[in-house]
Structures are given as C-alpha cells and as structure tokens.
1. Considering only residues that are within 25 Å of D292 (Cα to Cα) and in a strand (DSSP E or B), look in region 319-341 and name the one that is farthest from the chain's Cα centre (by Cα).
2. For region 263-273, does any single residue satisfy the condition of being touching a Phe, Trp or Tyr at 6+ places or on another chain (Cβ under 6 Å), assigned to a loop (DSSP other than H, G, I, E, B) and surrounded by 17 or more Cβ atoms within 10 Å (Cβ to Cβ)?
3. Among the listed residues V344, V400, V369, V425, which satisfies the condition of being away from ligand 2 (no atom under 13 Å from the Cβ), over 30 Å from R289 (Cα atoms), buried (at least 17 other Cβ atoms within 10 Å of the Cβ) and touching a residue at least 12 places away in the same chain (Cβ under 8 Å)?
4. Does G84 satisfy the criteria of being touching a residue at least 40 places away in the same chain (Cβ under 8 Å), over 23 Å from D144 (Cα atoms) and either open to solvent by 30 Å² or more (accessible area, probe 1.4 Å) or part of a helix (DSSP H, G or I) (or both)?
5. Hey, can you tell me all the residues within region 402-424 that are out of contact with any strand residue (DSSP E or B) (no Cβ under 8 Å at 6 or more places or on another chain) and assigned to a loop (DSSP other than H, G, I, E, B)?
6. Does D131 satisfy the criteria of being of a type outside the set (S, T, Y), within 23 Å of G186 (Cα to Cα) and without any contact (Cβ under 8 Å) to a residue 40 or more places away in the chain?
7. In region 193-216, which residues are modelled with pLDDT of 95 or more and either away from ligand 3 (no atom under 16 Å from the Cβ) or closer than 20 Å to R56 by Cβ (or both)?
8. Please find, among R432, R359, the residue that is open to solvent by 70 Å² or more (accessible area, probe 1.4 Å), assigned to a helix (DSSP H, G or I) and farther than 22 Å from E83 by Cβ.
Amino acid sequence: MLDVAPQAHRGARSPAQPADERLYEYVPDLASLPRFHVWTLGCQMNRSDSEEMAGRLLRAGCEEAPSMDAADLVVINTCAIREGAEQKVIGRQGQLAQLKAARPGMRVVLTGCSVREPDRAGLQRRYPAVDLFLRPDEEPELVDRLGLASAQGDIGSVGAITTVGRTVVGVADGLSGTRARAIGEGSVARGSAVSAWLPIIYGCDKTCTYCIVPFSRGPERSRPFDDIVNEARSLAAAGYREVTLLGQNVNSYGHDLAPDARFAHVDAERWAGRQLDLHGRPDLAELIRAIDGLRTADGLPAIPRLRFVTSHPWDLSDRLIAALAECPSVCEHLHLPVQSGDDVVLRRMGRQYTISHYRERLARIREAVPGITISTDVIVGFCGETEEQFQATMALLEAVRYDQVFAAAYSPRPGTPAMRLVDDVPPEVKRRRLNELLTLQESIGLERNEAWLGREVRVLVETVTPPRGHDHADDHEGGAGSPAPRVAGRTRGNKLVHLPGGPALVGQEILVEIVHAGPYALRGTPNPDHVSAIR
Ligand code: SAH
Ligand code: SF4
Ligand code: F3S
C-alpha cells in the first residue's frame with residue numbers, strides 16, 4: 001500500500017516546552033536551532049517513522065518549517081520499493097544543491113529505505129546534496145548525530161548490524177525501546193488528531209525475491225505486547241477514533257518474543273511456507289483482542305475503529321480470522337497482497353503460497369466476516385511472466401472482485417535475489433499489462449462501489465478537502481467565488497467518501513447516504529439528523 005495520500009497538514013508545529021520550568025535555562029536559544037522540514041515518501045511505516053523524527057526534532061527545540069524552501073534542515077524519508085520512488089529524490093538533488101547555495105548552513109539528511117549498509121559508498125554519488133545518511137534503524141539517532149541534543153534529551157541508540165543472506169543490514173533491535181521512550185515523553189508528532197498509526201513489528205523476514213524491504217529494514221522485531229497496548233490506551237485517552245497497526249507483516253507479530261505464561265493458550269503453528277513455532281507467544285489475534293478490550297465506561301470500544309496493514313497470506317491464521325469476526329472495533333476490511341494469479345510466478349517470487357491456498361483463506365474470511373472489503377497488491381511483468389501467466393492474474397481479479405488493487409510493473413532492485421533472474425518482460429509489455437489490469441480493475445471497482453448507492457454508511461470524517469479548480473462548475477451551494485467546503489472520510493470498509501461539510505465534522509463518525517459511485521471513491525450526503533458524533 002504505497003504512496004498513501006498525505007494527511008492534511010495541520011500547519012507548522014512548534015517545539016514542546018519543558019514540563020518543569022527550572023529546565024528553561026537548558027533550552028537552547030531558538031535562533032541557533034534549525035527550522036526543519038520532513039519530506040516523506042513511501043508507505044505508512046515511513047509516515048509513522050517521520051512522525052517520530054519530527055517529534056524528536058520538536059522536543060530538541062527545533063521549529064517546523066512549512067516547506068523545504070523555508071527550512072534549514074531537510075529530512076528526506078525515502079522509499080526504495082521501485083526505481084521510480086528513488087528517482088523522485090535523485091531528481092531533486094539539483095534543487096536541493098541550489099537551496100543550499102542560497103542558504104549556507106542548510107543541512108540535508110537522507111534516511112528511510114534507500115539507505116542500505118552495503119551501498120554507503122554509492123549513496124553520496126547518487127545523492128550529492130545530502131550531508132548525513134541514516135538507515136531506518138538509525139533514525140532515533142537523528143538529533144544526536146546533528147549535534148542538536150539538548151541537556152534534556154535522551155541518549156540515542158547506536159544502530160547494530162547483521163546479515164540477511166550475505167548482505168549486511170541494520171537491525172531494528174533498538175526501535176522498540178526508542179518508540180516506547182518517545183511515547184512515554186509524548187514526543188511523537190502525529191499528523192492527524194483522528195487516526196493514528198501504531199507500529200507493532202519492524203522489519204521483514206519474508207522471502208519475496210523482488211523486494212528490497214528485508215535489506216532496508218532488517219529482520220522482523222516485534223514490539224513488546226504491553227508497550228503496544230499502552231500506546232493504544234494513550235491514543236484512546238487522547239481521543240483518537242481510529243488506530244492502524246503497522247508492520248510489513250503484522251500477521252507475523254510475536255513470533256520473536258519470549259514465551260509468556262499469559263499466552264500459554266496460543267497454540268498456533270504456521271502451516272504455509274517456512275515452519276514457525278508460535279506456541280505460548282502473543283500473536284496478532286491476542287493483540288487485537290486486547291486493544292478491542294479497551295472499553296469506555298459504557299462498554300463500547302475505546303478505539304472505535306481498529307485496522308492493520310500489511311498481512312502476508314502465509315501467516316493468516318484461523319485465530320486471526322476469528323478475532324476479526326469477533327472484535328467489534330476491527331474494521332471490515334482486509335488488505336491481502338496476492339502479487340500474481342499464477343503459482344509458477346508466485347514460486348519464483350518466493351511468496352510461499354499457492355493461489356488455491358490464498359483463495360481458501362479468502363473464502364474463510366468472507367464467510368467469517370460477511371461483506372468484508374478486500375484489497376490487494378499486484379506486480380505485473382515479473383521475470384519470466386508469460387502472457388498466459390499474466391492472464392491468470394486477470395482471471396484472479398475477475399473471480400475475487402477486489403474492492404481495490406494497487407498494481408505496479410516489476411522494477412528490478414539491486415541486491416535482491418531476483419537480480420539473479422532475467423528481467424525479460426520488455427518495458428512496453430509491462431506497461432500494456434499494467435494498463436489492461438488497471439482497466440479491468442476500474443470496472444470491477446466501479447461495480448463494487450455502485451453496490452453502495454442509496455445505502456447509508458458510517459463515515460469517519462478525516463480531512464477537509466482543499467478546493468479544486470473545477471469545484472465552481474458543479475457547485476450550487478457556495479455561490480459564485482466560494483465553493484462549498486468539502487470533507488473526506490472513510491467507511492469501516494475503507495471506502496473513501498467525499499461529502500459536503502466543514503472542519504467541524506473532522507473527527508466525527510456520521511451517517512451518510514451514498515449518492516454517487518466512481519471506481520475509486522464514493523460521494524455522499526450526510527444524514528441531517530445525524531450530523532453530530534454518534535456517541
Ligand atoms: N509487506 C507488504 C508489502 C510491502 S511493499 C506485503 O508483503 O504485503 C508494497 C508492495 O510493493 C508489494 O506488495 C509489491 O506489490 C510492491 N513491490 C515490492 N517490490 C517491488 C518491485 N521490485 N517492483 C514492483 N513492485 C514491487
Ligand atoms: Fe517485501 Fe515480501 Fe516482506 Fe512484503 S512480505 S515487505 S513484499 S519481502
Ligand atoms: Fe518503501 Fe520502505 Fe515502505 S521501501 S514501501 S518505504 S518499507
């Protein structure tokens with residue numbers, strides 16, 4: 001799930017003030033501290049990491065700048081999933097160099113998935129405007145490495161390394177501790193006051209041959225169970241209406257934690273792919289049940305909407321499916337990446353499941369949670385993909401009828417196992433297959449969305465939509481020159497809904513009648529009797 005829409009910017013944030021006024025004398029002079037701007041690319045994990053980095057900088061006394069041009073410190077949180085994602089940043093090096101020439105003293109930090117240990121030497125060549133490179137697991141050191149740590153600051157952790165195959169990678173061992181400290185001191189600068197990200201597992205242990213993530217983020221490291229539940233509790237207390245549990249593979253949560261008597265009843269064992277003994281350890285099902293179990297005085301879930309991404313099909317246990325069905329706060333939506341509809345391609349991709357296994361899991365979920373919406377990720381044009389194998393993916397889309405498909409052409413990533421395969425599908429064939437697939441999905445998405453026409457759904461309003469150029473044309477309410485304000489939110493099934501309304505609706509879960517359906521979003525009108533918080 002890439003390139004999610006940026007959350008509404010709440011304006012530049014100001015540094016936190018010390019709780020104890022005796023500490024004021026240790027607060028560095030603001031004028032000597034850089035104004036920072038964080039540019040985040042990639043997935044939700046990166047967005048969550050950026051919230052932590054921004055929080056650390058604010059805590060060190062730095063102010064946030066509204067744009068890169070106005071900043072003395074630019075932090076770029078990169079994505080390396082495809083060549084195109086890296087090019088976006090490489091292509092901005094000239095502009096950054098110009099800004100630096102105009103603002104002596106300006107510094108640029110590059111972090112995120114493009115910073116990989118074996119590549120250190122090449123990084124400076126590819127990103128000449130950058131002063132400091134930090135691997136994802138080194139991000140908590142940002143403030144110290146820039147020499148910005150104040151007398152109140154924590155001592156950062158030092159990134160450790162290990163090997164994945166024969167590649168040296170950073171390990172996420174320190175991240176659970178640094179996250180817990182950031183939560184303890186309230187320094188995560190969350191981008192939304194409605195919907196929060198909550199990382200539960202870092203890294204990835206899977207064997208997808210095309211993917212850079214295990215080399216960028218290192219092996220899987222689960223956060224301690226109680227830390228996560230405590231963070232969820234504090235989010236509920238702060239009024240968050242929705243929490244998304246994050247990880248490259250949330251379904252693998254807990255396998256690396258020590259067995260604990262509280263979880264003696266967990267008797268799961270991974271039965272697809274590489275064997276894994278999960279006895280006596282917490283798993284995602286336990287975690288979801290614990291967070292769902294946080295209740296208000298009137299017995300309702302303290303966090304009304306609980307989501308999680310991403311799920312690898314091989315760890316989608318019956319225990320998890322039961323938790324989805326039984327926990328009222330868990331939203332009726334599952335993102336279950338399939339990647340290809342052909343078993344031979346799946347094997348070459350190292351995905352460790354077959355289409356029949358995948359479809360069996362899907363059938364179970366649909367039976368357990370009727371009406372659940374399903375989205376997926378697909379790669380077209382992977383090494384050796386024949387026309388027939390591509391058609392198998394098309395047939396899968398026809399049969400499953402996903403609500404949403406995130407599709408991309410295969411992009412070879414240096415250092416991944418698939419570099420040993422031949423990238424033999426020509427670019428124009430990849431493009432054609434991608435277009436064909438997107439066209440098919442557009443009609444399926446439309447059909448799925450049209451099923452909501454005329455129905456009343458609960459929408460959690462998240463953002464005010466900025467007016468667009470053509471808003472005047474189809475606007476009848478605001479009068480000439482002032483388009484009616486619009487807001488956007490999501491149904492529990494993760495459908496994006498646009499509706500009329502202003503900032504007062506943000507954070508409210510309201511009843512909306514769906515009046516228009518497009519392939520990617522719905523439009524609705526709020527039920528006038530329910531334009532107030534439902535509870
Ligand atoms: N951990 C998640 C996916 C994270 S990456 C999961 O396994 O489900 C998000 C998506 O990017 C993947 O699902 C895949 O579809 C796509 N992707 C990863 N590597 C890619 C590559 N080399 N070329 C094209 N797409 C890729
Ligand atoms: Fe990449 Fe596969 Fe891990 Fe997802 S599960 S992050 S696709 S290696
Ligand atoms: Fe990109 Fe890294 Fe996420 S490669 S998709 S930012 S884990």
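1. The extreme case among them is V330.
2. Yes: region 263-273 contains one or more residues that are touching a Phe, Trp or Tyr at 6+ places or on another chain (Cβ under 6 Å), assigned to a loop (DSSP other than H, G, I, E, B) and surrounded by 17 or more Cβ atoms within 10 Å (Cβ to Cβ).
3. V425
4. Taking the combined requirement at face value, the residue satisfies it.
5. Result: S411, P412, R413, P414, T416, L421, V422, D423, D424.
6. No; evaluated as a whole, the condition is false for this residue.
7. Scanning region 193-216 gives V194, S195, A196, W197, L198, P199, Y202.
8. R359
The values are calculated or read from the model by the stated rules, or taken from the named source; none is laboratory data. Computed from a predicted structure; not experimentally measured. For neighbour counting, all protein chains shown are included, and Cβ atoms are generated from backbone atoms with ideal geometry for every residue, glycine included. Protein only, heavy atoms only, side chains kept; ligands, DNA and RNA dropped before computing areas. Shrake-Rupley method; radii C 1.70, N 1.55, O 1.52, S 1.80 Å.
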